[in-house]
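Structure first, commentary second.
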Amino acid sequence: MFNDIGPLELLTLVVLAVLVFGPDKLPKVIQDVTRTIRKIREFSDSAKRDIREELGPEFKDFDFEDLNPKTFIRKQLDNDELGLKEIRNGFDLKKEMSEVTEAVQSADEAPSGSGAVAASSGSAPAKIDMQKKPEKPAADDHPPYDADAT
């Protein structure tokens, strides 16, 4: 529960507890807190036991940690019945990216190769401009007026 508290943080908490509650009341406060935690755990365990009894014998192996969404998804993804491990192992992002890069580069090189043939015949090679450029409207052209927009 408190695995990530370091020694300096623990010492700071003890000093704050002594300052807030005082050395006289601190043992009583600690007893009250531990008693409350114990009662909460007992209540939780009895509630889990009652739920298991109500569900019946077919849910003996039911684990309440399965109700946590992260745990549920992790168990479903690790389930080998779906074949997800094969899909995960068969997918290589670097390989896919290199294939896409090669395809784009070969597409860029293809027009230059046909352009060399066209240049030998005397016409200029046609190059496709892939960048979208806005069209400039004519000087007399006004944008349409929308009465509902204003």
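How much FRET efficiency would the formula 1/(1 + (r/R0)^6) give for ARG41 and ALA17, where r is the Cβ-Cβ distance and R0 is 25 Å, rounded to 0.05? That pair, ARG41 with ALA17, gives E of 0.70. Here the stretch 1-83 is described by how far its Cα atoms reach on the three principal axes: 59, 32, 14 Å, from widest to narrowest. Spin-label pair VAL100-ASP146: with each label point 7 Å from Cα along the Cα-Cβ axis, the two points sit 3.3 nm from one another. Once ligands and nucleic acids are excluded and a 1.4 Å probe is used, how much of ARG41 is accessible, expressed in Å² to the nearest 10? Taking all protein chains as shown, ARG41 has close to 150 Å². Between PHE64 and GLN76, the simple label model (points 7 Å from Cα in the Cβ direction) yields a spacing of 2.3 nm.
Once the Cβ-Cβ distance of ALA139 and ASP92 is raised to the sixth power relative to R0 = 41 Å, the FRET efficiency obtained is 0.15. With a simple spin-label model that places each label point 7 Å from the Cα along the Cα-to-Cβ direction, the separation between ARG49 and ILE5 comes to 2.9 nm. Only protein heavy atoms count here; under a 1.4 Å probe, LYS28 has an accessible surface of about 110 Å².
For LYS60, the aspartates and glutamates whose Cα falls under 17 Å of its own Cα, not counting residues fewer than eight places away in the same chain, are ASP45, ASP50. For the listed residue pairs LYS48/LYS75; LYS94/LYS136; LYS28/LYS70, the alpha carbons are over 31 angstrom apart in LYS94/LYS136; LYS28/LYS70.
The values are calculated or read from the model by the stated rules, or taken from the named source; none is laboratory data. As the structure is a computational prediction, the values presented were derived from the model and not from experiment. All Cβ positions, glycine included, derive from the backbone under ideal geometry; neighbour counts span all protein chains shown. Side chains are part of the model used for accessible areas, which takes the heavy atoms of the whole protein and leaves out ligands, DNA and RNA. Shrake-Rupley method; radii C 1.70, N 1.55, O 1.52, S 1.80 Å.
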